[in-house]
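The values are calculated or read from the model by the stated rules, or taken from the named source; none is laboratory data. In this text the structure is predicted, and so the values were computed from the model without any measurement. Glycine gets a Cβ as well: all are built from the backbone with ideal geometry, and neighbour counts include every protein chain shown.
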Amino acid sequence: MALLFPLSRQLINGFQVVVIGMLFSFSSLQLEAQEMMTLGPRHKVELEGEKLRPARAFRITHSVCPIAGGHFAKARKIRRWNVVLVNVGIAEITVSMLAIDQGQLAFGITAGLAGGVLESIISSRTNRIDQELEFGVKAYNQCMLWR
């Protein structure tokens, strides 16, 4: 046992040197990639201190990193259609309230149900926007890291 202890101590020191060397090399790679993108609040990404919506992020990134550009394009498309669906959902809920107020109970309940379904669809699409933005940010950072 006494003979193996100095040998294992040398292996640990060598292992520590390798780990420290790997940490320095990975940190230097990150320092070289200065154009790192991060997720921001409310469906925005941040690049070099500037907050971008998905459409602008697509215009900036699609020529540099087409994979990230695809994710930003999908987030842009979902976000644009959400505006239309929100307006239709609000209109349906308003129509249902007016119909119920005027005594057209069956029509009001049906219109309210349609408005509620649209609002739940918008909620799931909002989660999808966040997911696409996250994928786009990861893809862009990988492109910049290995460029």
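Yes/no matrix, rows are residues, columns are (1) outside any loop (DSSP other than H, G, I, E, B); (2) at pLDDT 65 or above; (3) more than 16 Å from A139 (Cα to Cα):
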{"position": "F5", "(1), (2), (3)": "yes, no, yes"}
{"position": "L23", "(1), (2), (3)": "yes, no, yes"}
{"position": "R59", "(1), (2), (3)": "yes, yes, no"}
{"position": "V64", "(1), (2), (3)": "no, yes, no"}
{"position": "A73", "(1), (2), (3)": "yes, yes, no"}
{"position": "R80", "(1), (2), (3)": "yes, yes, yes"}
{"position": "V86", "(1), (2), (3)": "yes, yes, yes"}
{"position": "I93", "(1), (2), (3)": "yes, yes, yes"}
{"position": "M97", "(1), (2), (3)": "yes, yes, yes"}
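Checking each residue in the stretch 128-137 for being of a type outside the set (A, V, I, L, M, F, W, C) and in contact (Cβ under 8 Å) with a residue 12 or more places away in the chain picks out R128, D130, E132, E134, G136. Do you know which residues across the stretch 128-146 are crowded, with 18+ Cβ neighbours inside 10 Å and charged (D, E, K, R)? Passing the criteria: only E132. Contact annotation: residue pairs with Cβ atoms under 8 Å, 6 or more positions apart or on different chains, pairing a residue in the stretch 86-114 that is buried (at least 18 other Cβ atoms within 10 Å of the Cβ) with a partner that is of a type in the set (S, T, Y), are S96/T110; G108/S96; A111/S96; G112/S96.
Within the stretch 119-127, the presence of a residue that is farther than 30 Å from E46 by Cα, in contact (Cβ under 8 Å) with a residue 12 or more places away in the chain and surrounded by 15 or more Cβ atoms within 10 Å (Cβ to Cβ) is excluded.
Here's a check for you: in the stretch 121-147, which residue that is among the aromatic types (F, W, Y) and assigned to a helix (DSSP H, G or I) is nearest to L52 (Cα to Cα)? If we take residues in the stretch 121-147 being among the aromatic types (F, W, Y) and assigned to a helix (DSSP H, G or I), then Y140 is nearest to L52 (Cα to Cα).
Tell me whether the stretch 73-82 contains one or more residues that are among the small types (G, A, S), in contact (Cβ under 8 Å) with a residue 12 or more places away in the chain and either at negative phi or buried (at least 19 other Cβ atoms within 10 Å of the Cβ) (or both). Yes. Residues in the stretch 48-62 that are closer than 14 Å to A75 by Cα and among the small types (G, A, S): A55, A57.
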